[in-house]
Structure formats: C-alpha cells, structure tokens
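Reviewing the structure listed below.
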Amino acid sequence: MSEQVTKPKMDASGRLAVVGDRELVIGYRLIGIDDTFIVSDEEDASKKIQELYSSGEFGLIIASNSMQAKLSSKFLAEIKESIEPLVLFMPSQQETTEENEESIAALAKRVLGISIEVN
C-alpha cells in the first residue's frame, strides 16, 4: 500500500505589503518588511495597490490613509468588503483621533463581525 504524499503549497497569505508615503514605508523597512513601496504620484499609488491586491501573494496590505482618495470608488468598495487580502489604511500623524477611532470600529465590524465602541 502506498500513500501519495503531497508537498504543502507555500502559503502566501502570511505576506505583508506596505504602500504609501515615505514616513509610513520607512518604518516598516526598518523592522525588516521587504515588500514596501513608496509612492507619491496618485496614479502610481492606485496602480500599485490594485497590483498587490490582485496578485494573490499577500494576506495583508497596509497603505497610507491618504491613498484611499486616489482609488476609484468601485475598487475602494471592493477592498473594504474583502478580508483576504485584508487592506488596512493607516492614518498619518496629522489626522484626528476621532477619525482613527471610527476606522478601528469599522475594521472590527468588517473582520470580526462585531460592533465595538471606542471611547
């Protein structure tokens, strides 16, 4: 009796990509994240996020919050509904705390399926 042994596939869902302005990306590069992309042009930002999202190579994509405005409304709606890959928009230091709290609550609702209040 022989059993067929299959080699496990490499799971790319654990890979992390970071896209955004210099301040966000440099921090991730310093801690050893290889897939980091500095984009300053609106068109480049939109293309890079779409490329990473559709590649199937990443489980988590972190992008600067300012990148949201550069994406089409259709694509933005698609990624907000997606949990794999999960796309997180990180606020910059200039953005208000209230906006950050709303995004945390919205993320918990989307990923965990529960509503939380952030006080």
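Just so you know, all these numbers are worked out from the coordinates, no wet-lab data involved. It should be emphasised that the depicted structure is a prediction, and the values quoted were computed from it without experimental measurement. For neighbour counting, all protein chains shown are included, and Cβ atoms are generated from backbone atoms with ideal geometry for every residue, glycine included.
At-a-glance table
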quantity: Of S40, S55, P85, farthest towards positive along the dipole that unit charges on Lys, Arg, Asp, Glu beta carbons give the range 12-93; calculated: P85
quantity: Exposure proxy order (Cβ contacts within 10 Å, fewest to most) of I114, I61, I79, I49; calculated: I114, I79, I61, I49
quantity: Nitroxide proxy distance, nm - points 7 Å out along Cα→Cβ at K109 and A77; calculated: 1.7 nm
quantity: Sorted by Cβ density within 10 Å, fewest first, the residues D21, D44; calculated: D44, D21
quantity: Gained length - L88 relative to F37, 0.36 nm times residue gap less alpha-carbon distance; calculated: 16.9 nm
quantity: Fewest-first ranking of L52, L86, using other Cβ atoms within 10 Å as the exposure measure; calculated: L86, L52
